[in-house]
Amino acid sequence: MSKNQIYISLLLLVLMSPLAHAATDCAAVTEIPSVECETLVALYNSTDGANWARNGGWNVTLTPCRWYGVSCSGGHVSGLSLYNNQLTSSIPRELDNLTNLTRLSLSSNQLTGSIPRELGNLTNLTSLSLYNNQLTGSIPRELGNLTNLTRLSLYNNRLTGSIPRELGNLTNLTWLSLRINQLTGSIPSQLGNLSSLTRFSLYNNQLTGSIPRELGNLSNLLRLELDANQLTGSIPRELANLNSLEYLGLSENQLSGSIPSQLGNLSNLESLGLSENQLTGSIPSQLGNLSNLTDIYLYDNQLSGSIPSELGNLSNLKTLWLYDNQLSGSIPKELGNLSNLRTLWLSNNQLANSIPTEIGNLSRLGELHLDNNQLCGEIPTGLKDLPIYYSYRELSYLIKLNNNHLTADDSELIAWLDSRNPGWETTQTACPTTLQFSSVSYTVTEDVGQVTITVARTLSSDSTISVGYATTSGTATSGSDYTQTTGTLSWESGDWADKSFTITMIDDGDSEGTETFTITLTDLVSGENLDNATVTITDDDATFVSLTDFTATANETGILLEWQTAAEIDNAGFNLWRATGEGWKSGDYSTVIRLTERLIPAQGNSSVYSYRDTDVESGITYYYGLEDIDLNGQSTFHWDFIDSATAK
């Protein structure tokens, strides 16, 4: 070996030795200010930079702008991207020295500790990504200072505490993702100011309270993801204003009330997820207008009534999950028009009558669950042509017809069913004869004269049957509000026609508000109660108060309640009521209190009223209702004007 070769070899050994990797002298750096260099070194040291997956140049060279993940512009650090790079420990607060930083990504690492509130000083940031770490503590409210931010991604951490209302200042934000954390408290109504948002993701947290109606202002929103929280109250009808929305996820909460029919206006909606809540009422027929829908998830609620035939208009639908509800009536034959349907899941309801032959037209259907209903009669032979596929997870074919009243005579169909739903036949029982009201509720005004009640015969029609009917007083009483009515309806064998009877309403001169009474169908042999329906009577008498608006607005001194009347006839005044939930609409009065000790005097038609509730606790959402009292002491609650606000 020559002397030159020996010299080069020794030089290489020296360069590869630990002594050659001395720390960068930031005083000698000329590309960026020394304070920015020192901040980068602090990040390197505090997050175990020596063991990063990629750390080329870091704390070695005098050219920080060439260090892995560092971008510079105009002599300053402008970008820092260390995604999926095995950073550990905590984020140094010194990062606020990088005042020209526009992009900061430390995502998909093993960072712990809290998010430094000093990051709120980086007012040039347009993107902040800290997702997929193990960060704890609360979200600093100082992040609300980052008004240039367009993307904030903090998801999949262990963040706790409430969502800062200051995030409502980030009006340039297009992407807000806080999902998969342990956040608590309510959703700040101020987030309704983020009019540029296209994705709003809060799912899989522990959020409580109601969904702010202000979210209906997010006109550019494509995805609203609030699933897997503990949200309560009703679905705000204001969400129907989100004309650009493609995905609405509200499942796995504790939402109550009915599905707003206005959601049928979301013409761009592709996926609707309201499953696993406590929703009641019927499925709005207006959902049949959503021609872009591919998925409907309404399972595990308390929905009742029939399946709207209008759902058969959804030609792009691939998934229809309505199981675990209280749906009744027949399976609409129109569902046979859903040529793209892959999964139809209607299990665990009270669906009756036969399976429509049109279901056999669903040439792409791979999964059919109709078990645990009251389906009756012959199974259509066309089902054997469906491409039902095999589930390796359940070790069975994905067709379920168990626990109905179904039969089959076609040998090929029986063999096909036996191979895909073994034992199906042993779980079937004989078709019962059932009579039920065509509607479970009727609403009339007291001056209507009469209301016609219809009873339908379902299931078996091969026998003669009779049923008794009778009215029972509730808040409406017989003799003063309606005429007590009893009688019998009969059907001959083979007769499927609906039968009707009438009840006479009594139009009195008293102001009584809304009242109800019940009608019952009774088996004449066993005395068994077969079905119930409720009649709601709306008062039409002279005492009348109509509102133009009723609002609750939070400010620093409490919650201001304001309302205006259009008309006040025989009105003595108002009482205000408050609750911490909307349960009072369905009879839960456990959180309801009356705010007013004395009646707020009436002022006459077109009057403006106000009241300030100062006995509130910051962060709590309060619901307010208005009651008017007439000159005879009768009260009327204005349920349609309940409003809420979250105390500051």
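Below, the figures for the structure above:
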{"quantity": "Residues of the stretch 70-91 classified as under 15 Å from C37 (Cβ atoms) and surrounded by fewer than 19 Cβ atoms within 10 Å (Cβ to Cβ), total", "calculated": "5"}
{"quantity": "Positions within the stretch 151-174 being open to solvent by 50 Å² or more (accessible area, probe 1.4 Å) and within 22 Å of S195 (Cβ to Cβ), in sequence order", "calculated": "R151, R165, E166, N169, T171, N172, T174"}
{"quantity": "Restricting the stretch 203-232 to residues that are hydrophobic (A, V, I, L, M, F, W, C) and in contact with a Phe, Trp or Tyr (Cβ under 9 Å, 6 or more places away or on another chain), the residue that is nearest to D643 (Cα to Cα)", "calculated": "L215"}
{"quantity": "Verdict on A240 being within 15 Å of the chain's Cα centre (by Cα) and farther than 24 Å from G161 by Cβ", "calculated": "yes"}
{"quantity": "Any hit, the stretch 93-113, residues being of a type outside the set (G, A, S) and in contact with a Pro (Cβ under 6 Å, 6 or more places away or on another chain)", "calculated": "yes"}
{"quantity": "Inter-residue pairs, beta-carbon under 8 Å, first over 15 Å from S78 (Cα atoms) and in the stretch 89-102, second open to solvent by 50 Å² or more (accessible area, probe 1.4 Å) and assigned to a loop (DSSP other than H, G, I, E, B), 6+ apart", "calculated": "S89/D48; S89/T112; S90/T112; S90/S114"}
{"quantity": "Residue that is open to solvent by less than 10 Å² (accessible area, probe 1.4 Å) and modelled with pLDDT under 95, where the choices are S309, S275, S304", "calculated": "S275"}
{"quantity": "Positions within the stretch 546-574 being within 30 Å of V440 (Cβ to Cβ) and either out of contact with any Phe, Trp or Tyr (no Cβ under 8 Å at 6 or more places or on another chain) or small (G, A, S) (or both), in sequence order", "calculated": "S546"}
{"quantity": "Filter result for L317 (under 29 Å from Q278 (Cβ atoms), hydrophobic (A, V, I, L, M, F, W, C), open to solvent by less than 10 Å² (accessible area, probe 1.4 Å) and within 28 Å of the chain's Cα centre (by Cα))", "calculated": "yes"}
{"quantity": "Check on L125, surrounded by 23 or more Cβ atoms within 10 Å (Cβ to Cβ) and in a loop (DSSP other than H, G, I, E, B)", "calculated": "yes"}
{"quantity": "Every residue from the stretch 257-272 that is out of contact with any Pro (no Cβ under 7 Å at 6 or more places or on another chain) and crowded, with 23+ Cβ neighbours inside 10 Å", "calculated": "L266, L269, L272"}
{"quantity": "All positions within the stretch 354-377 that are touching a residue at least 40 places away in the same chain (Cβ under 8 Å) and at positive phi", "calculated": "G377"}
{"quantity": "Subset tally (residues that are of a type in the set (K, R) and assigned to a loop (DSSP other than H, G, I, E, B)) for the stretch 332-350", "calculated": "1"}
{"quantity": "Residues satisfying the stated conditions in the stretch 490-540, i.e. of a type in the set (S, T, N, Q), more than 16 Å from Y442 (Cα to Cα) and either under 35 Å from the mean Cα position of the chain (by Cα) or at pLDDT 85 or above (or both)", "calculated": "S490, T522, N529"}
{"quantity": "Residue match in the stretch 567-578 (condition: farther than 30 Å from S304 by Cβ, within 31 Å of the chain's Cα centre (by Cα) and at pLDDT 90 or above)", "calculated": "yes"}
{"quantity": "Residue match in the stretch 285-300 (condition: open to solvent by less than 40 Å² (accessible area, probe 1.4 Å), in contact with a Ser or Thr (Cβ under 8 Å, 6 or more places away or on another chain), closer than 30 Å to L435 by Cα and assigned to a loop (DSSP other than H, G, I, E, B))", "calculated": "yes"}
{"quantity": "Output for the stretch 625-637, where each listed residue is out of contact with any Phe, Trp or Tyr (no Cβ under 7 Å at 6 or more places or on another chain) and either crowded, with 17+ Cβ neighbours inside 10 Å or on the phi < 0 side of the Ramachandran plot (or both)", "calculated": "I629, D630, L631, N632, Q634, S635, T636, F637"}
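The values are calculated or read from the model by the stated rules, or taken from the named source; none is laboratory data. Since we're looking at a predicted model, the values are computed, not measured. Please note: Cβ atoms are built from the backbone with ideal geometry, for glycine as well, and neighbour counts cover all protein chains shown. These area figures cover heavy atoms from the full protein model, side chains too; ligands, DNA and RNA do not enter into them. Shrake-Rupley method; radii C 1.70, N 1.55, O 1.52, S 1.80 Å.
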